[in-house]
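To start, the structure itself, in structure tokens.
All of the numbers you see were taken from the coordinates with simple rules; none came from a lab. Not measured: the values here are computed from a predicted model. FYI the Cβ positions are ideal-geometry reconstructions off the backbone, even for glycines, and counts take in every protein chain you see.
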Amino acid sequence: MTRRNLSYLVLAAMLPGLAGCEHLGIFEPFREVSCFEAATVSLSDAVSIAQGGDGRALDADYRQDQEMGCLQGDPGVYDITLLASGMIYTVSVDAKTRQIGPRQVSNVTTQLLSGSPFPGSPADMARIVPRLSIDMLQAIDIAEQQGGKAMVAWIEEMDGRAGYTMKLVQGGRVRETWILGERGT
């Protein structure tokens with residue numbers, strides 16, 4: 001067996017193991033992407049429901065925990081991290097019924113607001129919010145105009161600029177984009 005054939009054999013053996021991995025770069029499991037495409041509630045709708053006129057979304061993420069969820073009529077949920085009244089909360093929104101779960105205080109991340117938040121944490125996202133001139137709903141709209149359906153969105157800095165990173169799904173494929181959201185731009 002040649003070295004090249006051995007390399008292909010090793011790669012082929014590894015691929016099934018990758019199917020269970022989640023959130024590695026822009027890779028999403030096929031099951032999760034398929035369920036997401038079947039969801040009747042959009043990420044934008046879920047964010048709007050979660051904010052409920054009180055709070056600002058920092059992070060929004062679709063998830064499907066059930067292996068056979070879509071086949072059983074359960075398209076999954078959106079988990080939304082909110083900043084409201086100086087506190088960080090998390091809430092889930094059902095991707096089929098729009099039913100919202102209770103707001104839960106994220107005590108650890110709320111405490112980080114007074115300290116030095118680590119990059120990518122909800123506290124770090126909350127630190128970036130005052131520099132944003134658009135909210136997550138506006139950023140999702142901008143991203144979806146480029147094609148695809150937003151699946152995940154979060155506040156982030158890139159090269160010192162404030163904005164939103166998003167994962168969009170189109171035709172079963174996931175791509176990542178960044179939307180500049182900084183004031184004065």
Label-to-label distance, nm, for residues given as Gln66 and Asp141 (7 Å Cα→Cβ offset): 3.3
Using a Förster distance of 35 Å, the FRET efficiency for Gln170-Arg131 (Cβ separation, nearest 0.05): 0.75
Stretchable slack from Glu182 to Gln104, in nm (0.36 nm times residue separation minus alpha-carbon distance): 25.2 nm
Total formal charge among the other residues, if their Cβ is under 12 angstrom from that of Glu156, Lys/Arg +1 and Asp/Glu -1: -3
